[in-house]
Amino acid sequence: MTTLPPNSVALVTGSGRGLGRAIAERLAELGANVAIHDQFYDSPSVFGEAPNIDVVAEHIQARYEQETTAVVADIANADQVRSAISKIESKLGPITILVNAAGGDIGAGGKGKPNPNDALNISIEDLHAIFNRNLIGTILMCKAVVPSMIARQVGCVVNIASVAAHVAVSPEVAYSVAKAGIVQYTRCLAKELRPVGVRANVVSPGPTRTARFMATRVTDPTMMDEEGPSLVRYAVPREIANAVGFLSSLEAGFISGQTLPVDGGLTLHAL
């Protein structure tokens, strides 16, 4: 059984759609009040998941009978982050669960993946864009939320990385490096937080069947079947969300600084 601490308030970045939304729904199902966030108000509409973030928040509130609110912010903009946190806490109270799910491999200008996208030829503009939407944004969110957790000696952080953080890849080198940075940042954060009992962990998903994944990639039909016993398939968002729910729970109360790959055994190696 997965049990969240009483009076949990969760902020899930990038939760207007995709994996972030699945995580927000799971935490609401477990009893948390939830803040829905995305970079743009209508981000959920891009792949047909909802018209806007308010609709997502209203759906979650109605389905799980938990309080919700919705905020728009660029997570790489410290002023926007602080404004969003203030709005969330005025509506829901102090944030006790922070899930940094916002990220992605989109380059400068928001028009798609970088091209070129390898180790030596990627442009500096694309590097900045990918690092901002992943590593820098995660750090800024933690800087804005975690001090309050420290003051109250309660709370947890779950940062979303990727299996690409743990293996050599090409292309998408910058994305891989940014996610590896998130893993190491989380370890360092967890070390600092040990004395006050605030936890920080990482979930590293493998390829997952979000709406964006299905719309932007050439997929393998043999990897779609989640009914059979085989783990040689794509994950579904709920499977990643379950891992986040566990790491946010009382049952994970002595787990910190760890990385949990959720990839069906795709990456079998020492972390």
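Bear in mind these aren't lab numbers, they're just calculated from the coordinates by the rules spelled out. Since the structure is predicted, the reported quantities are computational estimates derived from the model, not experimental observations. In this analysis, Cβ positions are derived from the backbone assuming ideal geometry, glycine residues included, and neighbour counts consider all displayed protein chains.
The table below lists the values:
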item	result
Normalised contact order of the chain, rounded percent, pairs of Cα under 8 Å and 6 or more residues apart	19 percent
Two-site label geometry, VAL232 and HIS59: point separation in nm, points 7 Å out along Cα→Cβ	3.4 nm
Only Lys, Arg (+1) and Asp, Glu (-1) charged, at Cβ; the range 9-262 dipole about Cα centre in debye	600 debye
Rounded Å value of the spacing that divides the Cα centres of the range 141-158 and the range 239-271	20 Å
Within a Gaussian network of the chain (alpha carbon springs, distance under 10 Å), most fluctuating of VAL145, VAL169, VAL157	VAL169
Whether the range 1-86 is rounded, prolate or oblate, judged on the alpha carbon gyration tensor where a/c under 1.5 counts as rounded	oblate
Relative contact order, percent, the range 1-96 [alpha-carbon distance under 8 Å, six or more residues apart]	27 percent
GNM flexibility winner over the chain from GLY155, GLY103, GLY93 (Cα, springs under 10 Å)	GLY93
Helical mean residue ellipticity (222 nm; -39500 (n - 2.57) per DSSP H run of 4+; nearest 500) of the chain	-11500 deg cm²/dmol
Of ALA24, ALA200, ALA252, the one that fluctuates the most in a GNM where the chain has Cα springs shorter than 10 Å	ALA252
FRET efficiency estimate (nearest 0.05) - Cβ-Cβ, ARG187 to LEU266, R0 22 angstrom	0.50
Loop-located chymotrypsin sites (Phe, Trp or Tyr not before Pro) in the range 210-257 whose Cβ has at most 12 other Cβ within 10 Å (DSSP)	PHE254
